[in-house]
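Peer 1: I'd like to ask you about the structure that follows.
No lab work stands behind these numbers, since they all come straight from the coordinates. Not measured: the values here are computed from a predicted model. Ideal geometry is used to build each Cβ from the backbone, glycine not excepted, and the neighbour counts take in all protein chains shown.
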Amino acid sequence: MRIARLAGRTVLLTEDGALDIPADFEGRLFDRWDALLDWSRGATGGRPYDESELEAPVPAPRQVFAVALNYRPHTAEAGYEEPEVPLVFTKFPTCLTGPCTTVELPPGHVDWELELVAVIGREARRVPVEKGWEPVAALTVGQDLSERLAQLAGRPAQFSLAKSHPGFGPVGPALVSLDEIPGRDDLELTCALNGDTVQHDRTGNMIFPIPRLVAYLSEFCTLLPGDLIFTGTPAGVGNRRTPQRFLTPGDELVSRIGGVGEMRHRFRKATTA
């Protein structure tokens, strides 16, 4: 099942197009996730749609978690030792945008970070690692866009604000239910900038896989339906390249995760009030 948002409505993406979900599921997506799965298996049809019309599949999550330094090559390129526990920060929900939008670039150095995003489907607290997949309803593609000057200006560095400009949390194109992703522990990630591959790895190389992240976060916070967990980015970010490379107006960024989906974003200079 692939659930998306189109023109303010929740839709099932089928081979034929976008099919509106039944009205009694709208607004109760995660409360009735299993029933929605059952309905989707017999659903057919759908209207044509343009991918550029898709919106963020979870438009207003209550909590958005993100994880730093969760791939060993990225940890090494950033000049750090492998963390002993997940390094967690937040992205504020107002930064979310859809899978095919144009993002405004504020002053500074805006960088890309392709990430697999886990979507929580039910309330969860103190989840054991061996049951860490159970609260996860779906996976989606994400970008943790980051303005590096503000992010790294403090001592110590402060992540959340510099990663929460409008449009700095692209997600989509759909919520992909776990039954559609048999290899969910080892998915291929590819990020391309203007046609050149800048990031390539597999989620199987995470230092802290999704079950470990769910267990760790739920020790501190109650995880809520619709919460997003950005699980970390592989090596190849712009501020660690030689020479450094950051996003500029007119760039196209393609973010792809095997079995989950693809996003395309363009960039323009932010307008002033």
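Peer 1: Once amide H atoms are built 1.01 Å from N in the peptide plane, which residues 5 or more positions from G121, or in another chain, come under 5 Å H to H?
Peer 2: Amide H neighbours of G121: V136, A137, G226.
Peer 1: Report, in deg cm²/dmol and to the nearest 500, the calculated mean residue ellipticity at 222 nm for the chain, where each DSSP H run with n ≥ 4 adds -39500 (n - 2.57) and the sum is divided by the residue count.
Peer 2: -3500 deg cm²/dmol
Peer 1: I've got another one for you. Can you check what the net charge comes to around T97, using other residues whose Cβ is under 11 Å from the Cβ of T97 (Lys, Arg +1; Asp, Glu -1)?
Peer 2: Computed value for this residue: -2.
Peer 1: Which of D196, D227, D34, D185 comes first, and how do the rest follow, when ranked by fewest Cβ neighbours within 10 Å?
Peer 2: D196, D34, D185, D227
Peer 1: Go ahead and set up a Gaussian network model of the chain, Cα springs under 10 Å, then flag whichever of G42, G121, G98 fluctuates most.
Peer 2: Its mean-square fluctuation being the largest, the pick is G42.
Peer 1: In whole Hz, with x marking every Gly and Pro, tabulate ³J(HN,Hα) for the stretch 155-167 from phi via Karplus 6.51 cos²θ - 1.76 cosθ + 1.60, θ = phi - 60°.
Peer 2: With coefficients 6.51, -1.76 and 1.60, one gets 10, x, 5, 10, 8, 4, 5, 5, 10, 10, 4, x, x Hz.
Peer 1: When a/c is below 1.5 the answer is rounded, else prolate if a/b is larger than b/c, else oblate, so apply that to the chain with a ≥ b ≥ c taken from the square roots of the Cα gyration tensor eigenvalues.
Peer 2: oblate
Peer 1: Relative to the first principal axis of the alpha-carbon coordinates of the chain, what is the inclination of helix 33-42, with its axis defined by its Cα atoms, in degrees from 0 to 90 and to the nearest 10?
Peer 2: Around 70 degrees separate the two axes.
Peer 1: Then there's this: Under the Karplus relation 6.51 cos²θ - 1.76 cosθ + 1.60, θ = phi - 60°, what is the ordered set of whole-Hz ³J(HN,Hα) values for the stretch 123-130, x standing for Gly and Pro?
Peer 2: With the stated coefficients, the stretch 123-130 comes to 4, 8, 9, 6, 7, x, 4, 5 Hz.
Peer 1: Something else about it: Which residues' amide hydrogens lie under 5 Å from the amide hydrogen of L87, considering only partners 5 or more residues apart or on another chain, with H built in the peptide plane?
Peer 2: Sorted by chain and number, the residues that satisfy this are A68.
Peer 1: Further question on the same structure: Pick out which of V88, V136, V214 has the largest mean-square fluctuation in a Gaussian network model of the chain, springs linking Cα atoms closer than 10 Å.
Peer 2: V88
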